[in-house]
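Visitor: First the structure, which I've put down as structure tokens, then a few questions once you've had a look.
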Amino acid sequence: MSGALAAGSAIAALFASSFSPNVIATPPYFEDAPTDRMVIEVVTVNGSGCPLGTAAVAVAPDNTAFTVTYSDYLAQVGVGAKPTDFRKNCQLNLAVRVPQGFTYAVASVTYRGYAYLENGATATQKAHYYFQGQEQTNEGVHPFNGPFDDNWQTNDVTEIGALVWAPCGELRNFNINTELRVNAGTSNTKETTSFIAMDSADGSVNTTYQLAWKKCPTDGGGGA
């Protein structure tokens, strides 16, 4: 299966149209999001899974979520794969400016992609995020076992009592670290290719970060 990277992107493009871009419904315990728009600027992008120009960030019009779209995020092993292709990662550093008097937390994250795994092969999707100067959140780890040939979706949800809020009145960059990994296992890498992708050719499939909002204390210095 030569040209596996191109084939993987083509398959990802096919499955993209089958996924609804709707995000997870906002839980009822969230306060209403502010009407003024939050602004997100990509400060740095690093990693083999997001070469320059292949990762984009967009904020939902109602401030309930933001999305990250990847266009070249694929890990693979076997025919057509380089020795380093078994693992791809992406580190995003975002400057997030929120409306005055509000703070936010990431309540849930939905990751989507496509995977083709031969019998005996395995794959893993990992992710964690944190605010600058704070400890990183618990790492979400999701395994996949071959044979597998389908869309995939994973969800990391934080309980309300464990939400990590951006400090009020401060501008703290938000860091996102993700990773895709494929292990050939007992599959025949001389004749087959296994891969996992988190990308979309048409931009309709993305990673969605669902936000919780609350008002800052009146003596908290306002929003970040």
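Visitor: Can you name the residue in the range 180-190 that is surrounded by fewer than 21 Cβ atoms within 10 Å (Cβ to Cβ) and within 21 Å of the chain's Cα centre (by Cα) and is also farthest from Ala55 (Cα to Cα) among such residues?
Guide: Asn183
Visitor: If a residue has to be more than 20 Å from Ser194 (Cα to Cα) and either open to solvent by less than 30 Å² (accessible area, probe 1.4 Å) or assigned to a strand (DSSP E or B) (or both) to count, how many in the range 42-69 make the cut?
Guide: First, pick out the residues of the range 42-69 that are more than 20 Å from Ser194 (Cα to Cα): 42-47, 51-69.
Filter once more, keeping what is either open to solvent by less than 30 Å² (accessible area, probe 1.4 Å) or assigned to a strand (DSSP E or B) (or both): 42-46, 54-60, 63-69.
Residues that pass the stated criteria total 19.
Visitor: What number of residues within the range 170-179 are open to solvent by less than 40 Å² (accessible area, probe 1.4 Å) and in a loop (DSSP other than H, G, I, E, B)? It would help to see each step written out before you state the result.
Guide: Residues of the range 170-179 that are open to solvent by less than 40 Å² (accessible area, probe 1.4 Å), as a first pass: 173-179.
Keeping just the survivors that are in a loop (DSSP other than H, G, I, E, B) gives 173.
Count: 1.
Visitor: Only one of these is under 19 Å from Phe66 (Cβ atoms), open to solvent by 50 Å² or more (accessible area, probe 1.4 Å), touching a Phe, Trp or Tyr at 6+ places or on another chain (Cβ under 8 Å) and touching a residue at least 24 places away in the same chain (Cβ under 8 Å): Val109, Val164, Val157. Name it. Explain how you work it out, then say what you get.
Guide: Working: Val109 fails: open to solvent by 50 Å² or more (accessible area, probe 1.4 Å); Val157 fails: touching a Phe, Trp or Tyr at 6+ places or on another chain (Cβ under 8 Å).
So the residue among Val109, Val164, Val157 that is under 19 Å from Phe66 (Cβ atoms), open to solvent by 50 Å² or more (accessible area, probe 1.4 Å), touching a Phe, Trp or Tyr at 6+ places or on another chain (Cβ under 8 Å) and touching a residue at least 24 places away in the same chain (Cβ under 8 Å) is Val164.
Visitor: Any chance the range 24-39 includes a residue that's modelled with pLDDT of 85 or more, open to solvent by 60 Å² or more (accessible area, probe 1.4 Å), in contact with a strand residue (DSSP E or B) (Cβ under 6 Å, 6 or more places away or on another chain) and among the hydrophobic types (A, V, I, L, M, F, W, C)?
Guide: Within the range 24-39 (the criterion being modelled with pLDDT of 85 or more, open to solvent by 60 Å² or more (accessible area, probe 1.4 Å), in contact with a strand residue (DSSP E or B) (Cβ under 6 Å, 6 or more places away or on another chain) and among the hydrophobic types (A, V, I, L, M, F, W, C)), the answer is yes, since at least one residue qualifies.
Visitor: Might you let me know whether the range 137-149 holds any residue that is at pLDDT below 85, in contact with a strand residue (DSSP E or B) (Cβ under 9 Å, 6 or more places away or on another chain) and open to solvent by 70 Å² or more (accessible area, probe 1.4 Å)?
Guide: Pass one, the range 137-149, residues at pLDDT below 85: 137-139.
Subset that is in contact with a strand residue (DSSP E or B) (Cβ under 9 Å, 6 or more places away or on another chain): 137-139.
Filter once more, keeping what is open to solvent by 70 Å² or more (accessible area, probe 1.4 Å): 138-139.
Yes - at least one qualifying residue is present in the range 137-149.
Visitor: Do you know which residues across the range 112-136 are surrounded by fewer than 21 Cβ atoms within 10 Å (Cβ to Cβ) and part of a loop (DSSP other than H, G, I, E, B)?
Guide: At the first step, the residues of the range 112-136 found to be surrounded by fewer than 21 Cβ atoms within 10 Å (Cβ to Cβ) are 119-120, 122, 124, 126, 128-130, 132-136.
If the condition is that a residue be surrounded by fewer than 21 Cβ atoms within 10 Å (Cβ to Cβ) and part of a loop (DSSP other than H, G, I, E, B), then Asn119, Gly120, Gln132, Gly133, Gln134, Glu135, Gln136 are the ones that fit.
For every residue, the table says whether it meets (1) under 30 Å from Phe86 (Cα atoms); (2) assigned to a loop (DSSP other than H, G, I, E, B); (3) touching a Leu at 6+ places or on another chain (Cβ under 9 Å); (4) of a type in the set (Val, Ile, Thr).
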residue	(1), (2), (3), (4)
Pro143	yes, no, no, no
Asp150	yes, no, no, no
Gly161	no, no, no, no
Trp165	no, yes, no, no
Cys168	no, yes, no, no
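Visitor: May I ask you to list the residues in the range 70-82 that are open to solvent by 10 Å² or more (accessible area, probe 1.4 Å) and either modelled with pLDDT under 95 or in a loop (DSSP other than H, G, I, E, B) (or both)?
Guide: Residues of the range 70-82 that are open to solvent by 10 Å² or more (accessible area, probe 1.4 Å), as a first pass: 71-72, 77-82.
Ser71, Asp72, Val79, Gly80, Ala81, Lys82 - these are the residues of the range 70-82 that are open to solvent by 10 Å² or more (accessible area, probe 1.4 Å) and either modelled with pLDDT under 95 or in a loop (DSSP other than H, G, I, E, B) (or both).
The values are calculated or read from the model by the stated rules, or taken from the named source; none is laboratory data. The shown structure was predicted, so the numbers you read here are calculated from the model rather than taken from an experiment. Every residue, glycine among them, receives a Cβ derived from its backbone with ideal geometry; neighbour counts consider all protein chains shown. Side chains are part of the model used for accessible areas, which takes the heavy atoms of the whole protein and leaves out ligands, DNA and RNA. Shrake-Rupley method; radii C 1.70, N 1.55, O 1.52, S 1.80 Å.
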